[in-house]
Amino acid sequence: MDILLDIMHTFDYDILLHLSQSMRGGVSDTVWTMITWLGNYGALWIAIAVALLFFHKTRRAGIAMLVSLLLSVLVGNVLIKHWIMRPRPFVTHPDLIALFDPGDQWSFPSAHTLSSFAAATALCYYHRLPGAAAYIPAALIAFSRLYACVHYPTDILGGVVIGILCGLLAAWLTDRMIDRTHTIRLRKGA
């Protein structure tokens, strides 16, 4: 097990070192910082979800996206980050310089990635084509976290997997809540 962890840590570090040495600097830093801002507090996904709430055809998707974001905060930020307590890459490896202050000290999983993939998955569950398109900004936001050296690649991978699971669970919960509410209304004759 220790050998596997050593390989994983070396893999993580080598990728970040390569990105840091070969891609960073100039306008690119500004672009990737702006992309990461889209994921701050789920801002992009909340805006999309709220817009979807205004239309009957997309309302379930909007609700599911908001539920997925709530689940991603609870699972990722409240539970897993404080259970795993993996230090950020720039803390463990002083030669890796963070592009900006990430706001908290724990790295696994990437909350930006988790929330982005949760919301994109919830949208994709109801609307395949727009949902598939939503994975593009989700992937860009995830990459921006690597580019900034605030997450390891395995933090991103963990965020993707957990995010997809949160998105699917949110869609399932949304269907159950809405169907149950509809059944109660029918019984009351409303």
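The values are calculated or read from the model by the stated rules, or taken from the named source; none is laboratory data. Please read these numbers as outputs of a predicted model, since none were measured by experiment. Cβ placement follows ideal geometry from the backbone for every residue including glycine, while neighbour counts extend to all protein chains displayed. All accessible areas refer to the heavy atoms of the entire protein, side chains included, with ligands and DNA or RNA removed. Shrake-Rupley method; radii C 1.70, N 1.55, O 1.52, S 1.80 Å.
Values for this structure:
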{"item": "In degrees, nearest ten, helix 111-126 long axis to first principal axis of the chain (Cα)", "result": "30"}
{"item": "Ranked by how many other beta carbons lie within 10 Å on average, peptides 155-162, 132-139 from highest", "result": "155-162, 132-139"}
{"item": "Charge dipole magnitude, Cβ of K and R +1, D and E -1 - the chain, Cα centre, debye nearest 20", "result": "1360"}
{"item": "Leu140, Leu44, ranked by accessible area, largest first (probe 1.4 Å)", "result": "Leu140, Leu44"}
{"item": "Distance in nm between pseudo-label sites at Leu4 and Asn77 (7 Å out along the Cβ direction from Cα)", "result": "3.1"}
{"item": "Per residue, in Å², the accessible surface of the chain once ligands and nucleic acids are set aside, probe 1.4 Å", "result": "55"}
{"item": "Surface share of carbon and sulfur [accessible, 1.4 angstrom probe, percent] for segment 17-83", "result": "75"}
{"item": "Mean Cβ neighbour count within 10 Å, used as a protection proxy, ranking 34-42, 13-21 highest first", "result": "34-42, 13-21"}
{"item": "Average Cα contact separation per residue, segment 3-123, under 8 Å, 6 or more apart, as relative contact order %", "result": "31"}
{"item": "Sum of side-chain charges, Thr174 neighbourhood, beta-carbon under 15 Å (Lys, Arg +1; Asp, Glu -1)", "result": "+3"}
{"item": "Computed Kirkwood radius, in angstrom, where 1/r is averaged over Cα pairs of segment 49-190", "result": "15.9"}
{"item": "Viscosity 0.692 mPa s, temperature 37 °C, Stokes-Einstein D of segment 57-96 from Kirkwood C-alpha radius, µm²/s", "result": "266"}
{"item": "Leading residue at positive end of dipole, the chain (Cβ point charges), from Phe55, Thr33, Tyr147", "result": "Phe55"}
{"item": "Simple spin-label estimate for Asp95 and Arg176 in nanometres, 7 Å along Cα-Cβ", "result": "5.0"}
{"item": "Using θ = phi - 60° and Karplus 6.51 cos²θ - 1.76 cosθ + 1.60, couplings along segment 56-68 (whole Hz; Gly, Pro as x)", "result": "4, 5, 10, 4, 4, 4, x, 4, 4, 5, 5, 5, 5"}
{"item": "Value of D in µm² per second that Stokes-Einstein yields for segment 119-175, Kirkwood Rh from Cα pairs, at 10 °C (1.306 mPa s)", "result": "135"}
